[in-house]
1. Could you please find all residues in segment A:308-336 being of a type in the set (Val, Ile, Thr), open to solvent by less than 20 Å² (accessible area, probe 1.4 Å) and over 28 Å from the mean Cα position of the chain (by Cα)?
2. Considering only segment B:236-245, how many residues are farther than 14 Å from B:Tyr263 by Cα and open to solvent by less than 10 Å² (accessible area, probe 1.4 Å)?
3. Are any residues in segment B:161-173 open to solvent by less than 10 Å² (accessible area, probe 1.4 Å) and either free of Cβ contacts under 8 Å to residues at least 40 places away in the same chain or over 22 Å from B:Asn132 (Cβ atoms) (or both), and if so, which ones?
4. Based on this model, can you work out whether B:Ser60 counts as surrounded by fewer than 24 Cβ atoms within 10 Å (Cβ to Cβ), among the hydroxyl-bearing types (Ser, Thr, Tyr) and within 24 Å of B:Ala99 (Cβ to Cβ)?
5. How many residues, within segment A:187-217, are open to solvent by less than 10 Å² (accessible area, probe 1.4 Å) and touching a Ser or Thr at 6+ places or on another chain (Cβ under 6 Å)?
6. Could you list, in sequence order, the residues of segment A:225-251 that are touching a Cys at 6+ places or on another chain (Cβ under 7 Å) and on the phi > 0 side of the Ramachandran plot?
7. Given the criteria more than 19 Å from A:Ala259 (Cα to Cα) and open to solvent by less than 10 Å² (accessible area, probe 1.4 Å), does A:Ala139 qualify?
Number of protein chains: 2
Amino acid sequence: MTNPVLVEVTRGPRVESRHRGAIAIVDAGGRTLLALGAVDAPVFPRSAVKIFQALPLVESGAADAAGLTEAELALACSSHNGEAVHVDGARAILAKAGATEAALECGPQWPALGPDQDILRRTGTPPCAVHNNCSGKHAGFVCTVAHMGHSVEGYVKEDHPLQVLIHDILTEITGASLEADVCGIDGCSIPTWAVPVENLAAAFAKVASGSGVSQERGAALTRLRKACCAHPVEVAGTDRFCTDVMARFSDAAYVKTGAEGVYCAAIPASGLGVAIKIDDGGTRGSEAVMAAVLQALVARTDDDRGFLDRWANQSVETRRGYVAGTIRASKDLTDALAAL
Amino acid sequence: MTNPVLVEVTRGPRVESRHRGAIAIVDAGGRTLLALGAVDAPVFPRSAVKIFQALPLVESGAADAAGLTEAELALACSSHNGEAVHVDGARAILAKAGATEAALECGPQWPALGPDQDILRRTGTPPCAVHNNCSGKHAGFVCTVAHMGHSVEGYVKEDHPLQVLIHDILTEITGASLEADVCGIDGCSIPTWAVPVENLAAAFAKVASGSGVSQERGAALTRLRKACCAHPVEVAGTDRFCTDVMARFSDAAYVKTGAEGVYCAAIPASGLGVAIKIDDGGTRGSEAVMAAVLQALVARTDDDRGFLDRWANQSVETRRGYVAGTIRASKDLTDALAAL
């Protein structure tokens, strides 16, 4: 099956580029309200499922035992820019866990933004694991395994008790079969299991509603979701779609990006889960689709819709600021959303 | 028509992302040797056609009158990183034309690389037009119009004599009808006309052979092509595919990238022209396709093929350097290239 075009990039009178992909919207009862493309084909969710990967941190009691703040819980679910707030926060989680950044197994990464890179370059300091966009999640992992009494070393490996536990959580919440044929290694060294887009959306309906799982798990998901929505800067950072959306809509829309064109969302008011995968991995595509979805599902005012047009109808500008084109949702997508 | 997948991005046992597109390879006699996808659909070539846009600089006599060096001719055909060599070179062209960077109408742009950005940030200097990746081309434009006696102001506009001349050159060389229905504005403010991929490839066969155009134009194209191949750093810069390929293969392969997933090449030994457009605009896709093409058309040794594998079979690594997947040419593409 060839996935439909979900996003068009125009220049003057023509479409210059196209992003194909699949999208599903599922309600808390597990009913699929919208499906475009091969929503039954497994896709790697990458960082979009960090909220599920952080469940052991809450459910084991590690977060409370270490006295993690709500902002630190948000950081444990983040894909961040490596700004000072993120680096300092990851170090704080590690300190509360009685560990240091030497325990992190995510590998080094340059901060996303130029000024943060400058600080390192100016002092001749190489980036390290704490700057990795996943360092908050990994600090949460270290906190979890230290509390549970597992070895910290090797916590990223597929057969480590923490990753086995996360595998079992993802299997339960997504309802997908997560075996070796869908297992890859993520950029931060932990396993990532490919999940059909429709199952991912169903999992995020559980994040939205807190239902469809045990009462304890529902409470943990709700706690993590509310932490992220209350601390959007911790979840991503400056000039990031996740942060900007949650800063505006607060707990009305939990959104989380994943590498290679994945975006997921949970809409508490309607109990809906959303999952998007852009075939080519392009983030501009997944952001445009998610913005169009939020216009349909969350926006209440023209101001809300205008805010989301920054991504749903993003201008393509020349270096002098002339609007040469637009990144916009395709007719297939807008028609499907209008029919909701 | 849905274009075929030309590039696959794998992770573990699965294809994670896919790049669809169109590619044509045409010989100096105008025969199409390879065509995948909708090669008759117009695509914006963007910066891939800078060698044609630089023809008036040579053909008018402006380059020789100003005493431009071969390296400066290469810079006039470049999409550069805004490194010192590029910024200084653009200023030198302008000085030889009796102009300053105030004449540039391309708009400001940050340099591509962190250290060059740092230098501006550290001194609180905003980037300006001379840092724009097109500043070499625009300096060449200023040099051309000053020599030809046209007004410098407004040289980017569609109805300026220079842009009319470039339009007519592109029409002749591509054989395509370039009217308002295919006209957009490029990021540097000049018009860009969409051209079918097959016509683009035919145009680059003329660059490869110097034939199919007047003797004078063929000589000018050959002069510009040789200038680029002899000065690959001027054409792009540090860690850039265009530069690395021409630095290795010299005049055996002239290659030029364009924004939104375009790549073109001229292979002088065989008189072949190549044009690629990735549907989604992804540069990693167009580079992987071009690297596979060069393995088929230009590489002579295992060392050559291994060098090109940096892009034709590019490793997807974790932050700790583990190879988690590969960016590789699809079977459709490798089969088509093997049949050449």
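1. Within segment A:308-336, A:Thr318 is the sole residue that qualifies.
2. Residues that pass the stated criteria total 1.
3. B:Gln163, B:Ile169, B:Ile173
4. Considered against the rule, which asks whether it is surrounded by fewer than 24 Cβ atoms within 10 Å (Cβ to Cβ), among the hydroxyl-bearing types (Ser, Thr, Tyr) and within 24 Å of B:Ala99 (Cβ to Cβ), B:Ser60 comes out as yes.
5. The qualifying residues number 2.
6. A:Ser250
7. Taking the combined requirement at face value, the residue satisfies it.
Yes/no per residue for (1) aromatic (Phe, Trp, Tyr); (2) closer than 30 Å to B:Leu55 by Cβ:
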site	(1), (2)
B:Arg223	no, yes
B:Phe249	yes, yes
B:Ile278	no, yes
B:Ala292	no, yes
B:Asp304	no, no
B:Ala336	no, no
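The values are calculated or read from the model by the stated rules, or taken from the named source; none is laboratory data. For clarity, every value in this text was computed on a predicted model and none was experimentally measured. Cβ atoms come from the backbone with ideal geometry, glycine included; neighbour counts cover every protein chain shown. The protein model used for the area step is the full one, side chains on, heavy atoms only, and it has no ligands, DNA or RNA in it. Shrake-Rupley method; radii C 1.70, N 1.55, O 1.52, S 1.80 Å.
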